[in-house]
Amino acid sequence: MKVFDDKHIKNVVFVGAHQSGKTTLSETMLFEAGLINRRGTVEGKNTVSDYHDIEHERGTSVFATPLHTEWRNYKINIIDTPGLDDFVGEIISSIRVADTILTVINAQNGVEIGTEIIWDYIDRYQKPTVFVVNQIDHLNANFDMSFKSIKNLVGNNAVLIQYPHKIDGAQCIIDVLKMKCYKFGPEGGKPEKLPIPEDQAERANTLHNELVEKAAENDEALMELFFDKGTLNED
Ligand SMILES: Nc1nc2c(ncn2[C@@H]2O[C@H](COP(=O)(O)OP(=O)(O)OP(=O)(O)O)[C@@H](O)[C@H]2O)c(=O)[nH]1
Ligand SMILES: [Mg+2]
């Protein structure tokens with residue numbers, strides 16, 4: 001078994017309101033990373049994460065489950081937590097050991113009461129957080145409303161790194177960190193990497209500058225570099 005030193009182990013903790021899609025997202029990540037060759041579903045009671053009988057009976061996560069993948073010589077531990085606050089002990093203890101929190105938001109609802117309860121713990125332990133707006137395929141999904149509700153929750157420090165966009169009906173993601181457009185096929189899988197479409201260039205540039213300024217604002221060394229070079233690179 002490969003041994004990693006503690007600098008090369010990162011704990012990423014998935015949190016979010018009940019049924020926001022944490023377990024499904026973690027299953028998809030294991031599948032895309034090639035760790036499993038068949039993607040299970042919560043309904044099918046065959047996900048890697050929800051394996052206890054009680055989780056199958058209830059159709060919901062009850063325990064925080066550690067999963068893992070590898071990325072560029074790092075071992076990434078993914079901890080999939082339950083969303084119901086009956087099991088808040090599992091959520092709090094996972095937040096305590098997190099290097100990064102990934103908060104899943106259901107795009108149909110935006111920030112929910114459950115998200116607010118969990119945010120109080122994230123804030124208490126001062127953990128860096130990425131929000132993922134999930135379930136974007138539903139008819140009443142609303143990405144802009146979801147992002148606004150995140151800003152209401154955490155304040156103006158929230159900045160966009162990616163946003164969804166459709167090209168000829170195909171689901172794409174505009175990445176304003178890498179300044180690229182990722183176009184997905186109907187079955188998902190590896191996306192096609194494209195330049196940012198012309199009609200999105202202005203929005204993407206504005207968001208890219210906002211992201212760079214926010215990164216500089218939060219770190220003195222980066223601030224100096226920013227004033228020196230006028231921008232920051234992806235690293
Ligand atoms: N349409 C659609 N359904 C999704 C998506 N992600 C999850 N679901 C469905 O949403 C329901 C909840 O998904 P889970 O992955 O169990 O959500 P969870 O956040 O782990 O739920 P708890 O652990 O119970 O809090 C299931 O019926 C999933 O099939 C998505 O992106 N699109
Ligand atoms: Mg779950």
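Descriptive notes on the structure:
- Taking 0.36 nm per residue of separation and subtracting the current Cα-Cα distance, fully stretching the chain between residue 92 and residue 205 would add 36.9 nm.
- All alpha carbon pair distances within the chain were sorted into 10 Å bins beginning at 0; the resulting P(r) in whole percents reads 7, 27, 37, 24, 5, 0.
- Computed magnitude of the charge dipole of the chain (debye, nearest 20; Cβ of K, R +1, Cβ of D, E -1): 480
- With each label modelled as a point 7 angstrom along the Cα→C-beta vector, the residue 219-residue 68 pair spans 2.7 nm.
- Signed unit charges on C-beta, dipole axis of the chain, positive-most listed residue 138, 209, 122: 138
- Extension reserve of the residue 54-residue 157 stretch, reckoned as 0.36 nm per residue once the Cα distance is removed: 33.2 nm
- Partners for residue 214 among lysines (Cα-Cα distance below 22 Å; same-chain residues under 8 apart left out): 127, 148, 151, 178, 180, 229
- Cut-off 15 Å (backbone N to label point 7 Å along Cα→Cβ of residue 2), residues of the stretch 54-93: 68-78
- The stretch 127-180 versus the stretch 98-122: alpha-carbon centroid distance in Å: 14
- Placed amide H near residue 68: partners under 5 Å, 5+ positions off or other chain: 78
- Taking amide H positions as modeled 1.01 Å from N, with prolines and chain starts lacking one, the residues under 5 Å from residue 61 and 5 or more places away or on another chain are 83.
- Cleavage-rule hits, trypsin sites (Lys or Arg not before Pro), the stretch 45-83, DSSP coil, Cβ neighbours within 10 Å at most 13: 72
- Computed log₁₀ I(q)/I(0) - Debye formula, equal Cα scatterers, no solvent, the stretch 167-235, q 0.16, 0.23 Å⁻¹: -0.63, -0.94
- Between the stretch 213-235 and the stretch 10-53, the alpha-carbon centres lie 36 Å apart.
- Computed [θ] at 222 nm, deg cm²/dmol, the chain (DSSP H ≥ 4; -39,500 (n - 2.57); rounded to nearest 500): -10000 deg cm²/dmol
- Neighbourhood charge, 13 Å Cβ-Cβ cut-off, centred on residue 164 and excluding it, Lys, Arg +1 and Asp, Glu -1: 0
- Derived scalar couplings ³J(HN,Hα) [the stretch 229-234; Karplus, 6.51 cos²θ - 1.76 cosθ + 1.60; whole Hz; x for Gly, Pro]: 9, x, 7, 10, 8, 4
- Helix 201-217 vs. the chain, principal-axis angle (Cα, 0 to 90°, nearest 10): 80
- Candidate aspartates and glutamates for bridging to residue 75, where Cα separation is under 14 Å - those fewer than 8 sequence places away on the same chain excluded: 5, 6, 99
- Taken along the Cα-to-beta-carbon direction at a fixed 7 Å, the label points for residue 32 and residue 178 span 1.0 nm.
- In order through the stretch 169-177: 3J(HN,Hα) via Karplus (6.51 cos²θ - 1.76 cosθ + 1.60), integer Hz, x for Gly, Pro: x, 8, 6, 10, 10, 9, 9, 8, 7
- Cross-link partners for residue 45 among the aspartates and glutamates, with Cα-Cα distance under 13 Å and sequence neighbours closer than 8 places in the same chain left out: 27, 53, 55, 57.
- Stretch gain in nm, segment residue 192-residue 100, where the contour uses 0.36 nm per residue and the Cα spacing is subtracted: 30.4 nm
- Once the GluC sites (Glu not before Pro) in DSSP loops with at most 10 neighbouring Cβ atoms within 10 Å are cut out of the chain, the longest remaining piece is 44-186.
- Long-range amide H partners of residue 15 with built H, under 5 Å: 102, 103, 104
Computed from the coordinates by the stated procedures, all read-outs in this text should not be read as laboratory data. None of the values given here were measured: they were computed from a predicted structure. Heads up, the Cβs are rebuilt from the backbone with ideal geometry, glycines too, and the neighbour counts pull from every protein chain shown.
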